Structures are given as structure tokens and as C-alpha cells.
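Reading through the C-alpha cells given below for one structure.
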Amino acid sequence: PAASAVSDLTVKQMFDEANGYIRMKAAEFDAKRVPFSDDLFKRTKLEQRQMAARYATLVGLRKVLTVDDKYYFGMLHWIAENYDGAATVLQAFISNAESEATKRQTARSVVTVVLAKQKKLEEAEVVFADYSKSEPAKMTERSRMSGEMAKAYQAAKDYKRMAPHAEAGYNASKALLKDASSR
């Protein structure tokens, strides 16, 4: 019966459940007065990744996915830390002309971070440039992308290409500190 209930969920519902898992567990731990620890957080984060991976597998078995379903499918892969799956699905979502601009931008930011983590810096630069010339742009996404790009270039000892990303990440982070809503 539990498997049937899960298969009845929409892809967005699966994403929302996986994405809100840590907040839900934190509220549960708080109500039970369970003290916070790094081990508890790591275990909860692992449970979240496993849930997202399980949901992504179920979604992958579906024969028909809407444009929005593909976005949430890619985001489930992202939560599960399946970087190949996230990049593949989200790049297909980005290339779909029917996709919503805000979600397309978020997908670009995730793909940029994924490609930077995978050391595919030329591809990441292309997606980052597409993000930069499109709207809407979020300062949090800019900060994350710039930071990941800078880390990847630093690891590759390409300091000349690292510097602009590090500076952009620093400036975006400073701007976020001034914005009360981002706290």
C-alpha cells in the first residue's frame, strides 16, 4: 500500500517532500527534544538523499512527463547528489522552449554547479554565461555558481580564470548580507 501511495504522488509532490525532509525532521526532533548533533544531521541528510534517489527512480519509470515534471525530476537527482542525472535532465528542461523562465534559470544554476563539481569547466562557463544574460537572476544562485566555479578553477590551479569568479562570488555574498530577506 505504501508503494501505491508513493506512485500516486505527482513529481512536484515528491520533490516537495524530499526538499522539505530536513525541515520536517528538524521540527520532529525539536518536538521530541532530541539534541542536535553533526551525526544526526548527517544521518538526516543521507535519508533525504535516499528518499530523493528513490523518487527519482520511480519518476524515471514513468512513460509520460510534463515539462514541469522534468524540472522536478532533475531537482530530485540534484537532491540525491546524482550529478549526471541532474545535468542530463535539467539540460533537456532548459532546452525546452515551453519551460518557465524562473525554473529555467534555477536549472541553469544547478547545471553550472554540477558541471563545476565535475570539473567540466568549459561546459559550465557556457551555461553560466546563458544564466548571466537571462532573467530573472537571483543573487543566491549567482553566489553559489561563482563560488563553485572559483573552487573548480582553484583545484585546477588556473588562478587567472578563478579570480573573476571568486570576485563575483564575494560581491554576490556581500550583497546577500545587506539583504535582510536573504538571511
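The values are calculated or read from the model by the stated rules, or taken from the named source; none is laboratory data. None of the values given here were measured: they were computed from a predicted structure. Cβ placement follows ideal geometry from the backbone for every residue including glycine, while neighbour counts extend to all protein chains displayed. Just so you know, the surface numbers come from the protein's heavy atoms only, side chains and all, with ligands and any DNA or RNA stripped out. Shrake-Rupley method; radii C 1.70, N 1.55, O 1.52, S 1.80 Å.
Key figures for this structure:
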| read-out | value |
| --- | --- |
| LYS32 accessible area, assembled protein chains, probe 1.4 Å, Å² | 140 Å² |
| Test item: Cα-centred dipole of the range 90-160, Lys/Arg +1 and Asp/Glu -1 on Cβ, debye | 320 debye |
| When the chain is reduced to its Cα atoms, the Kirkwood hydrodynamic radius in Å | 17.8 Å |
| Total charge dipole magnitude, the chain, about the Cα centre, Cβ charges on Lys, Arg, Asp, Glu only, Debye to nearest 20 | 440 debye |
| Candidates SER99, SER37, SER143, ranked by Gaussian network fluctuation over the chain, Cα under 10 Å, top entry | SER37 |
| Longest site-free stretch - the chain; sites: GluC sites (Glu not before Pro), DSSP loop, at most 16 other Cβ within 10 Å | 101-183 |
| FRET E, pair ARG54, TYR159, Förster distance 30 Å, beta-carbon r, rounded to 0.05 | 0.15 |
| Helical mean residue ellipticity (222 nm; -39500 (n - 2.57) per DSSP H run of 4+; nearest 500) of the chain | -25000 deg cm²/dmol |
| Relative contact order (%) - the range 58-117, alpha-carbon pairs under 8 angstrom, separation at least six | 31 percent |
| Cα shape, the range 83-183, gyration tensor, a/c 1.5 rule | oblate |
| Share of pairwise Cα separations in the range 1-101, more than 18 Å, in percent | 51 percent |
| Percent carbon-and-sulfur accessible area, the range 13-97, ignoring ligands, DNA and RNA, probe 1.4 Å | 54 percent |
| Neighbour cut-off at most 13 other Cβ (10 Å), DSSP loop, chymotrypsin sites (Phe, Trp or Tyr not before Pro), the range 10-41 | PHE36 |
| Accessible-area order (highest first, 1.4 angstrom probe) of the listed residues ASP84, ASP69 | ASP84, ASP69 |
| For the range 36-115 and the range 137-183, distance of Cα centres in Å | 22 Å |
| Residue among GLY20, GLY147, GLY169 with the largest mean-square fluctuation in a Gaussian network model of the chain, springs linking Cα atoms under 10 Å | GLY20 |
| Accessible area in the full protein assembly, largest first, 1.4 Å probe, for LEU177, LEU90 | LEU177, LEU90 |
| Signed unit charges on C-beta, dipole axis of the range 74-183, positive-most listed residue PRO164, VAL126, THR88 | PRO164 |
| Average accessible surface area per residue within the range 1-109, 1.4 Å rolling probe, Å² | 59 Å² |
| Fluctuation leader among ASP38, ASP16, ASP158 - the chain, Gaussian network, Cα springs under 10 angstrom | ASP38 |
